[in-house]
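First up is the structure itself, then whatever we jot down about it.
The values are calculated or read from the model by the stated rules, or taken from the named source; none is laboratory data. As the structure is a computational prediction, the values presented were derived from the model and not from experiment. Cβ placement follows ideal geometry from the backbone for every residue including glycine, while neighbour counts extend to all protein chains displayed.
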């Protein structure tokens, strides 16, 4: 386990209803940009989980060659370049997609981006912890998780340029599967607040779902898909990180 993970210098304070977070509160947040004809466009989130490894959704990496991807760490407001955190930009050297990923049904929706260069750990850049062995059989049902991102904050599709966060309870897979008329096996994790106020609109595809465990933030989900932004009937669907820890650890060894 990484001793220097999951403990930001700036403690998270509760933010109701998906509000702006604060620079340095979530120092593992990665903004992933793709080169569209010479213009870098933000299109997915991710999380720093190793010395130079970003965990994200496979469907984010699927359509891109590694040289088209750029990752920014320490970013809070995507529009500004004068932030105190002085965001760092990294090219992606390699994309490692989970071998059994199925895009049609979003099974096994995870990938690791290996960066060129090693980010310097600071109050604005630090990895999140992976679930420790003691948490790997936990389903986290009814626990309150936090999703963070620059996501599409309204169903009409306007993204926020500032990082936002919201708290969501974790659902039982059975209840989630019933809503989606789909078997939700243990490789999925569902979370949503049931009121329709907050959903993964705050998050981004590929971004992390996290909770505090033994004093550290661990990542329990990767934002995969949801029906409608902020839909109360449908919770957001995440890739359940505990199911893949071994593969992740194998692919983040230097």
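Among the residues of segment 72-92, those that are within 20 Å of the chain's Cα centre (by Cα) and either part of a strand (DSSP E or B) or more than 17 Å from residue 29 (Cα to Cα) (or both) comprise 72, 73, 77, 88, 89, 90, 91, 92. Exactly one residue out of 123, 96 is closer than 24 Å to residue 62 by Cα and surrounded by 13 or more Cβ atoms within 10 Å (Cβ to Cβ), and it is 96. Taking segment 55-71 as the range and being within 13 Å of the chain's Cα centre (by Cα) and assigned to a strand (DSSP E or B) as the test, the residues that pass are 55, 56.
Can residue 40 be described as at pLDDT below 95, surrounded by fewer than 18 Cβ atoms within 10 Å (Cβ to Cβ) and not in a strand (DSSP E or B)? Please lay out each step first, then the result.
On the way: at pLDDT below 95: yes; surrounded by fewer than 18 Cβ atoms within 10 Å (Cβ to Cβ): yes; not in a strand (DSSP E or B): no.
When the stated conditions are applied, residue 40 does not pass them.
Within segment 107-119, does at least one residue satisfy the condition of being assigned to a loop (DSSP other than H, G, I, E, B), more than 18 Å from the chain's Cα centre (by Cα) and farther than 23 Å from residue 249 by Cα? There is no residue in segment 107-119 that is assigned to a loop (DSSP other than H, G, I, E, B), more than 18 Å from the chain's Cα centre (by Cα) and farther than 23 Å from residue 249 by Cα. Checking 137, 122 one by one, the residue that is assigned to a loop (DSSP other than H, G, I, E, B) and farther than 26 Å from residue 242 by Cα is 122 and no other. Taking the criterion of being at pLDDT 90 or above and buried (at least 19 other Cβ atoms within 10 Å of the Cβ), the residues of segment 188-212 that qualify are 188, 189, 190, 191, 206, 207, 208, 209, 210, 211.
If we scan segment 57-64, do we find a residue that is exposed (fewer than 15 other Cβ atoms within 10 Å of the Cβ) and not assigned by TED's automatic domain parsing to the domain that holds residue 184?
So in segment 57-64, the residues exposed (fewer than 15 other Cβ atoms within 10 Å of the Cβ) come out as 62-63.
Narrowing further to those that are not assigned by TED's automatic domain parsing to the domain that holds residue 184: 62-63.
So far as segment 57-64 goes, yes, one or more of its residues are exposed (fewer than 15 other Cβ atoms within 10 Å of the Cβ) and not assigned by TED's automatic domain parsing to the domain that holds residue 184.
Within segment 236-250, is there a residue that is modelled with pLDDT under 95 and over 19 Å from residue 30 (Cα atoms)? Yes, segment 236-250 contains a residue that is modelled with pLDDT under 95 and over 19 Å from residue 30 (Cα atoms).
Residue-wise test of (1) free of Cβ contacts under 8 Å to residues at least 60 places away in the same chain; (2) crowded, with 17+ Cβ neighbours inside 10 Å; (3) touching a strand residue (DSSP E or B) at 6+ places or on another chain (Cβ under 6 Å).
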position	(1), (2), (3)
72	yes, yes, yes
81	yes, no, no
85	no, yes, no
100	yes, no, no
113	no, yes, yes
119	no, yes, yes
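One residue stands out in segment 1-21 among those that are in a loop (DSSP other than H, G, I, E, B) and over 30 Å from residue 249 (Cβ atoms): the one that is modelled with the lowest pLDDT, namely 16.
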